[in-house]
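Q: Supplied in structure tokens, the structure appears directly below.
The values are calculated or read from the model by the stated rules, or taken from the named source; none is laboratory data. This is a predicted model, so every value here is computed, not measured. Methodologically, a virtual Cβ is constructed for each residue, glycine included, from the backbone with ideal geometry; neighbour enumeration extends over all protein chains shown.
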Amino acid sequence: MSDINDSDLIDDTRLAEQAKRVIDEVSREADQLLAPDIAPDRARVNTPNFSRMRREWRPGDEAEIAGIVAEANGVIHREFPGIFLILNDIWAIAREPIVNLKTREIATDAFGWPLWKRLPSGAYAEDYSKLTGREKDDFLLRITMGLLEWRRQADLAHRLPSMLAKGRWEEAMATGFVAPTGRMTVEERTQRGRQYSAQDRYWAIYLAEVSRAADHLVSGMELLGQRLKDSLTA
């Protein structure tokens, strides 16, 4: 005799509503911190043993993750070349490049931009007082003229695809949730939905993070423009 209770089962009339609720809960997981409500007496017994915590990727994962991060970084550099040109023009005044002592050539990163000298603390050796009023005014104008296009690029090239990818993942999750026939619990259907939509979920997460990176970059330029404006009127 089955040990599954009737209360654990869902019928077809409740399936769509149940699927929507589960998908809404799952879609919020990435943006929420887990804060389980543990009773004090259990908390004393279940104190985490951080010495056993995994502090590295599983074999093969580290290289794959590094490749994904490098790809995302490349997307941002290719989509916003004007921003990085302005930043490096400013840094060329305020910082000192790293020079190869043998070839006397300036060292560059993967995107061809100069590498800059750092202090022993790891911070960049820089002095922004070197910027003249005319240079600040020029940079402010370039930032102001570029912001409209950068914001449009962030919205259309990154935020919109991110939202569409999330919609595709939710549809795949719903398909996997409702597809099985027969007597299945909500938890079993949720697991089927997760498995069916795993690749769509990873793609949606990737696009969401690229979109956030683009938004943060544009927002940073807005703050830089405001700071330049403040320094000119001080």
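Q: Within segment 217-234, can you find the residues that are of a type in the set (Gly, Ala, Ser) and assigned to a helix (DSSP H, G or I)?
A: SER219, GLY220, GLY225, SER231
Q: A further question follows. Among the residues of segment 74-103, write down those that are loosely packed, with under 15 Cβ neighbours inside 10 Å and either under 23 Å from the mean Cα position of the chain (by Cα) or modelled with pLDDT under 95 (or both).
A: Answer for segment 74-103, where residues must be loosely packed, with under 15 Cβ neighbours inside 10 Å and either under 23 Å from the mean Cα position of the chain (by Cα) or modelled with pLDDT under 95 (or both): GLY74, ARG78, PRO81, LEU85, ASN100, LEU101, LYS102, THR103.
Q: Does GLU126 satisfy the criteria of being touching a residue at least 24 places away in the same chain (Cβ under 8 Å), crowded, with 16+ Cβ neighbours inside 10 Å and touching a His at 6+ places or on another chain (Cβ under 8 Å)?
A: No: the conditions fail for GLU126.
Yes/no per residue for (1) of a type in the set (Ser, Thr, Tyr); (2) in contact with a Ser or Thr (Cβ under 9 Å, 6 or more places away or on another chain); (3) touching a residue at least 40 places away in the same chain (Cβ under 8 Å):
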residue	(1), (2), (3)
THR175	yes, yes, no
PRO180	no, no, no
LEU207	no, yes, yes
LEU228	no, no, yes
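Q: Residues of segment 191-216 being buried (at least 20 other Cβ atoms within 10 Å of the Cβ), part of a helix (DSSP H, G or I) and hydroxyl-bearing (Ser, Thr, Tyr), which ones?
A: Scanning segment 191-216 gives a single hit, SER211.
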